[in-house]
Amino acid sequence: MTSSTDPSFKLLEAALLLNEHLQNVTEALAAARTQAEVLDVVLKPALKSLGALAGGVLLVDEDMHSLRLVTHQGYVAGSPIIWQDGPLDAHVPAADVLRTREALYFEHAGELKVVYPELENQTGALAAVATAVLPMFLDGRPLGTLVLDFKEPHTFTSEERRFLRTLASQCAVALGRAEGLRLLERQLEVRTRTSLEDTQAHEAFVAFTEAIGSETDLYTLVGQAIMVLQSRFVGASVVYYEREGDLWKGRIWSDDVNLALVTVLSAGLPGDTPLFEEVLRTRRPVFTDVWDAERERVASSDEYSAVALYPLLISGKLHWLLTVGFRDARRWSEADRALVRAVGRSLSLALERTETARQLTRQNAELQARTMALEAFADLTRDLALSTDPLLLIRRAQEVVLSMLSDGAALYYVPEGDRWFCRMQYGTLHSPELQAAVNAGLPYAETKNLLIPWTTGQPYLQDVYNPSTDQLVPLVGHVSATATLPLRMEGTLTGVLAFALFEQRSWSSVDRVVLETAVQSLELALDRAAKTRRLDEERSALETFTRFTEAVGSETDVRALVQQAINLLNETCEVEATYFERDGDLFRATVWCQEFDRALLPLLQQGFPLQNSGIAKVLLRSTAAYIDHWNDTGLLIEESEIYQAVAGYPYLVDGVLESVLMIGSRSSAIWDERTKGIFRAVGRSLDLAIDRARQTQTVIFQRDALDVRTQELAASTKDLEAFSYSVSHDLRTPVRHILGFLKLARTSLDGKLDDRSTRYLDVIEQSGGQMNTLIDALLDLSNTAQQTLRPQAIDLNEIMAQIQNNLIPDLTTRNVSWEVADLPQVWGDRDALKQVLTQLTENALKFTRTRDPAVIRVWAEKQGDVWKVSVQDNGLGFDPQYQDRLFNLFQRLHSTDEVSGTGVGLASVRRLILKHGGQVFADGKVGEGATFCFTLPKGGLSSLK
């Protein structure tokens, strides 16, 4: 039920209270006879209803030139007030509202003073905090002003403003009636009641006033008015009109109106009929002493000579007309006009009271309907507190709505492809043919009754159902009214609720309230259910993921992992699961649950071309695919029709579908959210486990292969080192013999050799010396390979300074420019790194012998987890295409005539840096110098080899 603290309930409660005050005022005014009585009846309820501090009424004098304060209540006695007598053309609120015909509302302190800054000085009084000033008109003539003052700021609601307008209007009508009574009484006194006709008319008028005091039926009130007018104007015709579109149609008329005219009036008179148009424009009564039937374009009315038209207004709006016509040559006297006005005003007041009662009744009915709907949905919410099935919620909502309507049916549609499908129906459609069409699905674009609310997001109601709306003309002749409303879940359109009624009726405001409340309550229930389902799904998925993770542990066998997943699915979801692996163009079942169908299993083991099916296209989205109503799809294998729903989870390798985990349900044709969530969680967990297993197997394979290769390289390195050492020692003896015998030959042949022979012996001696140098280099390289590193913290600045000092004696004749930056402290073998820097520095000096000056640059820089040390020169350089050969054994890019060397030094540098866990690089251009670099890990002993 609606809470009393609900703002909408409070607003409705306030509106009902104001309507109750208004009805009391109306009934009291019916008995008011004098101006004082009328003002007392109006002013007191106005103050009480709105909580005003004080108020008053100013009336226009008979000369129509001034306003006079005729009554006031609530002001301090003897104190001046700002509402005072004054000219009608003065710039004051009470006069301005009569000129503009618009009420003034000042809701906060100072607002009145801002608009009328001189008012307090003129009156010697202080303005109230909040004020309402309302004009009163009678037959278009300014009658006076109603004012209310408040001691606190006051926001005037729309209901309060309507209340005040109606109160002012009723006050004006009542004052007019009092004025009419006063005039009648004066005339009667002047004429000393000489006219029996006037006496009877007055008695009839009084009788009419008493008769309509509590009457609320519209046509009964009009009938009473016609009787009063005919009793006063013997032989006169009276007609009551209602507006329908652009026509004024006669609804009630006196018995003397001829049949031909009744036909014309019933058909309706155009709004541009001259006298009718004048009444519409002026909103005032119109009296004509010369009725011209031809000019007015009213056939069969030429028997009338004088006609009066009186507008019946409600809140300033013209709804009805009352006409009085004389057949004789009688003219409209002032007394006649006054009587028509008096009866018209009284009828207007009664009609306004009737309309207020109608509104009150309608509001009460709407409130009752809304309350009933809220109570029903409150019961529905309690009944379905544990339900999360949206279709069940929708069905219960359909039941609630139809229980408040007449015979009908409720359907819930969702768009799928090019058709609308009914997913929930309550009630019969009373037509097997229509039911068959609904079951088959309605065309999406042609079914406008569903398409309009779906595309606009707004309800679509037809009071009289148009069969062509849905292109179902032969099938829906028995449908009288339809209502279709969009349904949202968590703000997203999910479908359309449709209601069809089979009794001839229109959708009332109460019906609309029921539908509106039903949809709002249902959407709240669906949102709650969706959140609950999502929480259940997440909890189930998390529990399943945890169980699977605990079950597989560190398992790396793919099929063992799959079997664990299948067992878990079978246990938690009551489905049959199978794992398929690609075998060429087929997918074959390789793992399955124990309960799997033994007739279907051999067929799955044989394999089928899954990648060419519609399922595969869904699976290639790399997410779970759910297929409801499996029997309605194109079955890959006919024997699989034992399943009502099928789902699959794809496993892709490099974007290619390699395997699929599939589940089937024999009991349900639609996958529920819980099963979907668990299957997604298991599928994703298995995907991660399979990927982990494959990576683990790959790492193990790579590790084993690396171990084998490492062992092979170690053995090869030992053999190579042993070979190098053996060759180096074995080569020394013959070289030593050659050089020794060469020396003996020179001694024996001293003075006996010609120049050519001497040159030959020189070449042999030089070659032997070069051979010794190469042998020494090989021994050094062998020693380098066998050298055990003794890692420690090393300051490269200190090593570089020692190298420069050692080279100074050899550089006395050269111009060398050293640019050595601040070098880091590193972890490594001191002797080895000194050998590296010495080799690179000597190389730089060797290749810059032709440069003056020779520029040698040495610096270091951070590169992630390593230090990069560079030695650069401006020497001969080298061709970049051969830079990969520089660190190979015996590789030289320059002839011995250009630069001496063995081609072993850089190979030793590479060997020593690799043992430190680093890398070597070289960069250069011919004639522009070269840069040699090496890296050293920033780590400690663990990074050294």
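Quick note: the coordinates plus some simple rules give every number you see, no bench work behind them. Every value quoted in this text rests on a predicted model; they were computed, and no experiment measured them. Heads up, the Cβs are rebuilt from the backbone with ideal geometry, glycines too, and the neighbour counts pull from every protein chain shown.
The alpha-carbon of LYS113 sits under 22 angstrom from the alpha-carbons of these lysines, leaving out residues fewer than 8 places away in its chain: LYS151. The slack between THR813 and THR455, meaning 0.36 nm per residue of separation minus the straight C-alpha distance, is 119.4 nm. With a cut-off of 13 Å between beta carbons, the residues surrounding TRP867 carry a summed charge of -1, where Lys and Arg count +1 and Asp and Glu -1. Applying the Karplus relation 6.51 cos²θ - 1.76 cosθ + 1.60 with θ = phi - 60° to segment 464-470 yields 3J(HN,Hα) values of 10, 5, 8, x, 6, 4, 10 Hz, where x marks Gly and Pro.
Neighbour counting of Cβ atoms within 10 Å sorts the residues ILE637, ILE794, fewest neighbours leading, into ILE637, ILE794. Residue exposure proxy: TRP332, TRP420, ordered by other Cβ atoms within 10 angstrom of their Cβ from fewest to most, comes out as TRP332, TRP420. Each Lys or Arg adds one and each Asp or Glu takes one away; over the other residues whose Cβ falls under 9 Å from the Cβ of ASN815, this sums to +1. Protection proxy ranking for 556-562, 75-81, using the average of other Cβ atoms within 10 Å per residue and placing the highest first: 556-562, 75-81. Each Cα pair under 8 Å and six or more residues apart adds its sequence gap; the mean of these over the residue count of segment 385-532 is a relative contact order of 26 percent. A Förster radius of 60 Å combined with the Cβ-Cβ distance from SER158 to VAL234 puts the calculated FRET efficiency at roughly 0.80.
Straight Cα distances below 12 angstrom link LYS317 to the aspartates and glutamates GLU352, with same-chain residues fewer than 8 positions distant left out. A full extension of the chain between LEU17 and ILE642 corresponds to an added length of 218.3 nm, given 0.36 nm per residue minus the alpha carbon distance. Listing LEU442, LEU18 from fewest to most neighbouring C-beta atoms within 10 Å gives LEU442, LEU18.
Straight-line cross-link partners of LYS531 among the lysines, defined as a Cα under 25 Å from its Cα and at least 8 positions apart when in the same chain: LYS676.
Relative contact order of segment 132-178: 42 percent, from C-alpha pairs under 8 Å at least 6 residues apart in sequence.
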